[in-house]
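The values are calculated or read from the model by the stated rules, or taken from the named source; none is laboratory data. Bear in mind that the values here come from a model prediction, so they are computed numbers and not experimental data. Cβ placement follows ideal geometry from the backbone for every residue including glycine, while neighbour counts extend to all protein chains displayed. Keep in mind that these areas ignore ligands, DNA and RNA; they rest on the heavy atoms of the full protein, side chains included. Shrake-Rupley method; radii C 1.70, N 1.55, O 1.52, S 1.80 Å.
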Amino acid sequence: MRQMLLRILDHLEEWLIAFLMAAATLVIFAAVVHRYGSGIPILQDFLLKINMSWAQELCIFMFIWMAKFGAAYGVRTGIHVGVDVVVNAMDTNWRRIFVAFGLLAGALFTGLVAWFGATFVSALHGTEQVSSDLEWPMWLVYLCIPVGSALMCFRFLQATYIFLKTGHLQRVDHGKVEGVELDADEPIARGHRSRQKYSHGREGLTAAFLFGLLIVLMATGMPIAVSLGLTVLAFLFVFTDVPVEIVAQKLFTGIEKFEIMAIPFFILAGNFLTHGGVARRMINFATACVGHLHGGLGIAGVMACALFAAVSGSSPATVVAIGSILLPAMVKFGFPKRFGAGVITTSGALGILIPPSIVMVMYAVATNTSIGTLFMAGIVPGIVLASMLAGVTWYRAWKNDYPRMPRAPFSTVLSTFRESMWGLLLIVIVIGGIYAGIFTPTEAAAMSAVYAFIVAVFIYKDMTLRQVPKVLLDSANMSAMLLFIIANAILFSFLMTNENIPQAMASWMIDQNFSVILFLLGVNILLLLAGNVMEPSSITLIMAPLLFPIATRMGIDPIHFGILIVVNMEVGMCHPPVGLNLYVASGITKMGITELTVATWPWLLTMLVFLVLVTYWPTLSLWLPRMMGVM
């Protein structure tokens, strides 16, 4: 009986988050079609009778519910990321203790949030507060906090029980709502905190406490989102008298920005493309163009990674899609496995620099920067880096006399372009749609997801309708994990801002006459070090709100600073111990991490040279946005 109830719960959980992912995508797609269809005379009379002003609000609500329940599903599948470098170095008994501690800490945090959320929803129940467009009761909208958090708490306890019983820990193989009167910003601003507790230099002590506790918690291997949440809770309990309901509210309002919804849409589009045969056709086109050069297949890999990055926005997805096809072909053609692995592992990192980029969206959300301008700023640097990586590939192939393919006739180039055209058109839809003013970035992401579905299922026919629910579920799972991190990171950055930590750091640096050159050097070192133990999404969401105010006070352009952070994240994807591209490539090549790290060094050094170029030559990033008049 117990097992049957658990299976029913599992299936309900899976179908709910997959349904919410699909429904939110279709709602935004319908809203865009409605907006432009209303201008067509033959449809005008019909469509103007339909009011779609509620679409954005509904989409936000659906995604937040998906994030809460999807985060619980993520505990079951083991997708939540943590810093496990220290834990993995321990002996079996200590590792078992720390893993169990991390899981129980997750249960504690989510249990507390469920309690705070229930208290907050209870206070809203019976009031007349409703949402602005749908006019839904706000207590019903916020109900996802206690229910989703309680389910997540149950999943953490379930995972702890299974781990202690079997020693098995499930892991994924990575081959503000209007109408609510209680404002989370208000209690702190109105003086609930006892200021007398702090002496001169309070900001420094607060920063030391926050980051010290955060580092200690992350070192235990618990999920990064849980570490962030527990750090905030510990500070609020010890140093403030802030009502605990605010924590639950901020975990909702922190991710109710429409711009954040671009992340799940881009993930969905990328998954459709990865499974839909787009990568294979892009590889064929790239090979036909440059295969005859020294290291032609390797250069084709760089070119295919750049093209696929322009439609997926994800580095690991790029490595999987391109590497799983091209690497075996390179080995079969006579290239050393290390050569091919080095090319694909590093070129795959173009996925977070060439727009659309999920990391850029996260930086924009964390710093209130324009997503569209960031996307445009990434185009030229992305092309330059791809050219540099291709140059290294050509040189090493020429030096070692690696095999060359015969030059493809123009007819082959034309035919392969025709075959890949449907995938390449997605670049026009996303980038062209945004800059032509047709779509917002989030709308462009939703349109790209629908387009990618049509291409994969009905045009290329490399995916069946039976496979679509699995793609929706996988996309919802990854999206929920990222949204859970975003919610807790925004809570953490909100606390830092209220404690005046970034502003105090900026004032101190200016008082010490720190030069821009020295500051940027320090930022690069800090981000590269963070890349040793954390993945890009977490680094961006934690570091950007801290470093961004300092950078702007020192006169650094926010767009240039964003591209600098993204390039640092690229490098971090390709070096151990947690470089995600390394692990994905390792699964494809069956090479060890150490061997793969050695294989990537020529291209990784090239990326470091490019990082210096991007850091101290802002024009590289800012020329195109300025020329296009978006800055």
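For the chain, the fraction of C-alpha pairs more than 37 angstrom apart is 35%. Quick one: net charge of Trp54's neighbours, Cβ under 12 Å, K/R +1, D/E -1? Neighbourhood net charge equals -3. In plain terms, if you count all Cα to Cα distances in the range 1-136 and split them into 10 Å steps from zero, the share in each step is 9, 23, 28, 21, 12, 5, 2, 0 percent.
The charge dipole of the chain, taken about its Cα centre with unit charges on the Cβ of Lys, Arg, Asp and Glu (plus for the first two, minus for the last two), comes to roughly 1800 debye. Taking a sphere under 15 Å around the Cβ of Glu13 and counting the other residues whose Cβ falls inside, with K and R at +1 and D and E at -1, yields a net charge of +2.
Taking all protein chains as shown and a probe of 1.4 angstrom, Lys337 keeps an accessible surface of around 90 Å². Close amide H pairs (under 5 Å, H built 1.01 Å from N) link Val130 with Met138, residues at least 5 positions away or on another chain.
Solvent exposure of the range 234-368 amounts to 23 Å² per residue of accessible area, where only protein heavy atoms count and the probe is 1.4 Å. Averaging over all projection directions, the Cα-based convex hull of the range 260-356 occupies 5.5 nm² in the image plane. Counting only protein heavy atoms and using a 1.4 Å probe, the accessible area of Asp91 comes to about 90 Å². Just the protein heavy atoms count here, and of the accessible area of the range 19-159 at 1.4 Å, carbon and sulfur take up 69 percent.
Counting only protein chain heavy atoms and rolling a 1.4 Å probe, the accessible areas of Glu256, Glu135 rank, largest first, as Glu135, Glu256.
Each Lys and Arg adds +1 at its Cβ and each Asp and Glu adds -1 at its Cβ; summed about the Cα centre, the range 229-304 shows a dipole of about 480 debye. Just so you know, the Cα atoms of the range 56-167 work out to an Rg and Dmax of 17.4, 57 Å. When +1 charges are put on Lys and Arg Cβ atoms and -1 charges on Asp and Glu Cβ atoms, the dipole computed for the range 378-478 relative to its Cα centre reaches about 360 debye. Of the two radii for the range 260-628, the radius of gyration is 0.97 times the Kirkwood radius, both from the alpha carbons; that is the Rg over Rh value.
Projecting the Cα atoms of Val343, Leu620, Val32 onto the dipole axis of the chain, where Lys and Arg carry +1 and Asp and Glu carry -1 at the beta carbon, places Val343 farthest toward the positive end. Between the residues Met66, Pro602, Ala105, the greatest Cα displacement towards the positive end of the dipole of the chain, with unit charges on the Cβ of Lys, Arg, Asp and Glu, is found for Pro602.
Could you work out the per residue convex hull volume over the alpha carbons of the range 404-554, in cubic angstrom?
On the way: hull volume 34.4 nm³, N = 151.
Considering the Cα atoms of the range 404-554, their hull volume per residue is 228 Å³.
The orientation-averaged projection of the convex hull spanning the C-alpha atoms of the range 309-391 amounts to 5.5 square nanometres.
Could you please report the charge total around Asn368, scoring K, R as +1 and D, E as -1 over all other residues with beta-carbon less than 10 angstrom from its beta-carbon?
0
So what's the back-of-envelope 222 nm ellipticity for the chain, counting only DSSP H runs of four-plus at -39500 (n - 2.57) apiece and dividing by all residues, rounded to 500? Dividing the helical sum by the residues of the chain leaves -24000 deg cm²/dmol. Estimated at the nearest 10 Å², the accessible area of Glu14 is 40 Å² with a 1.4 Å probe.
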